Amino acid sequence: MWVRWWILLIPPLIVGFTLVAASQIVFLRASFFEDLGLGRVGDELIIGNYVQFLTDGFYLKILWVTVKTSALAALSTLILGFPVAYLIARMRSSWSMILLAGIVVATFITIVIKVYGLIVIFSADGLFNRTMLAIGLFDKPFSVFGNETGVVIGLMHFTLGFGVLLLYSIIQTIPKSLESAAQIHGANRWRVYYRIIFPLSLPGVTAMLLMVFNMCMGAFTSAALLGGGLVFTLPVMIQRIVMMDIKYSMGATIAAVLLVSVIVINLLSIYLLRRLRAAHLVIV
């Protein structure tokens with residue numbers, strides 16, 4: 001007798017959806033009320049919080065910084081992760097599994113340890129700066145603390161392992177015979193990489209970029225620790241307003257803007273990819 005195992009998924013799905021949906025509804029509802037101070041909110045429905053966010057240059061700048069750093073981190077993850085994923089996917093020795101296991105372990109190390117590792121490595125007397133100063137590439141120490149570059153590096157360090165794992169699974173689906181056939185017809189390694197591997201993996205690469213971008217948009221620890229109170233992103237601002245200013249309504253408003261921004265950017269990216277597919281500019 002065939003057992004419908006999927007029925008067992010229904011209870012946890014209901015519980016999970018209820019908890020997530022209920023908390024989000026309550027939180028988003030609070031964004032339409034006025035902050036009265038000390039965590040108290042008014043009774044009258046308003047849109048003043050959204051008007052304030054959309055007309056205040058300070059909040060708009062934070063939104064732009066959040067999107068910019070997340071996009072740069074996603075692109076950096078792709079640039080650094082794609083060659084690594086390709087190398088591991090095409091290795092025939094047991095080293096491929098060893099490297100893959102190492103990436104899996106490193107990926108799930110807590111972000112706090114990763115961030116503090118970056119602070120140590122990029123400190124004024126750290127390994128990176130001592131090396132760069134010794135060979136003459138830098139004339140002064142490079143810092144990842146209190147600037148957007150450091151936040152981007154921290155976000156990329158946080159998502160690089162996930163990106164490599166996703167890209168590895170994508171590249172594995174591309175037959176090695178296609179590369180061999182291209183090389184037989186005179187294509188060099190770079191041409192094979194550029195004209196075959198990357199176009200065939202582009203739909204999966206797009207999915208990876210969106211996932212990494214979404215993770216970075218909601219990342220708090222990297223931006224909070226490396227930003228050092230000088231670089232604000234939306235998650236950092238939410239924590240500051242809710243925990244320090246005790247303005248729950250404004251915090252809920254910023255959270256709603258963050259959620260809507262992520263959804264809109266994802267939908268626009270998917271729409272653009274479909275247009276490229278329709279124009280036969282992307283191989284599917």
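Taking the range 161-195 as the range and being among the aliphatic types (A, V, I, L, M) and within 21 Å of Leu78 (Cα to Cα) as the test, the residues that pass are Val164, Leu165, Leu166, Leu167, Ile170, Ile171, Ile174, Val192. Taking Ser31 and the conditions (1) surrounded by 12 or more Cβ atoms within 10 Å (Cβ to Cβ); (2) of a type outside the set (A, V, I, L, M); (3) at pLDDT below 80, which numbered condition does it fall short on, given that it satisfies the others? All conditions pass for Ser31, except number (3).
Taking the criterion of being out of contact with any helix residue (DSSP H, G or I) (no Cβ under 9 Å at 6 or more places or on another chain) and touching a residue at least 12 places away in the same chain (Cβ under 8 Å), no residue of the range 80-123 qualifies.
Total residues in the range 257-269 satisfying the condition of being in contact with a Phe, Trp or Tyr (Cβ under 8 Å, 6 or more places away or on another chain) and under 28 Å from Leu38 (Cβ atoms): the figure is 1.
Evaluating Leu226 against the criteria (1) in a helix (DSSP H, G or I); (2) of a type outside the set (D, E, K, R); (3) touching a residue at least 12 places away in the same chain (Cβ under 8 Å); (4) within 23 Å of Ser269 (Cβ to Cβ) leaves one unmet condition, (4).
Select, from Phe198, Phe213, the only residue that is modelled with pLDDT of 90 or more and not polar (S, T, N, Q). Exactly one of Phe198, Phe213 is modelled with pLDDT of 90 or more and not polar (S, T, N, Q), namely Phe213. When each of Gly146, Gly117 is tested for being among the small types (Gly, Ala, Ser) and not in a loop (DSSP other than H, G, I, E, B), the lone residue that passes is Gly117. Within the range 1-26, residues that are under 20 Å from Ala255 (Cα atoms) and acidic (Asp, Glu) have Cβ atoms under 8 Å from residues that are in a helix (DSSP H, G or I) and at pLDDT 80 or above in no pair, counting only partners at least 6 apart in sequence or on another chain. When the residues of the range 229-279 are filtered to those that are in contact (Cβ under 8 Å) with a residue 40 or more places away in the chain, buried (at least 16 other Cβ atoms within 10 Å of the Cβ) and among the β-branched types (Val, Ile, Thr), the one that is farthest from Leu155 (Cα to Cα) is Thr253.
Applying the selection to the range 121-134, what residues are hydrophobic (A, V, I, L, M, F, W, C), surrounded by 12 or more Cβ atoms within 10 Å (Cβ to Cβ) and assigned to a helix (DSSP H, G or I)? If the condition is that a residue be hydrophobic (A, V, I, L, M, F, W, C), surrounded by 12 or more Cβ atoms within 10 Å (Cβ to Cβ) and assigned to a helix (DSSP H, G or I), then Ile121, Phe128, Met132, Leu133 are the ones that fit.
Inspection of the range 5-19 identifies at least one residue that is of a type in the set (Phe, Trp, Tyr), more than 19 Å from Ser261 (Cβ to Cβ) and modelled with pLDDT under 80. Residues in the range 149-182 that are assigned to a helix (DSSP H, G or I), surrounded by fewer than 17 Cβ atoms within 10 Å (Cβ to Cβ) and of a type in the set (Ser, Thr, Tyr): Thr149, Ser169, Ser177, Ser180. Of all residues in the range 183-192, which are assigned to a helix (DSSP H, G or I) and over 19 Å from Arg92 (Cβ atoms)? Across the range 183-192, the qualifying residues are Ile184, Trp190, Arg191. The helices (runs of 4 or more DSSP H) located wholly in the range 1-110 that include 3 or more residues which are among the aliphatic types (A, V, I, L, M) occupy 10-30, 57-90, 95-107.
The values are calculated or read from the model by the stated rules, or taken from the named source; none is laboratory data. The shown structure was predicted, so the numbers you read here are calculated from the model rather than taken from an experiment. Every residue, glycine as well, gets a Cβ built from its backbone with ideal geometry; the counts of neighbours run over all protein chains shown.
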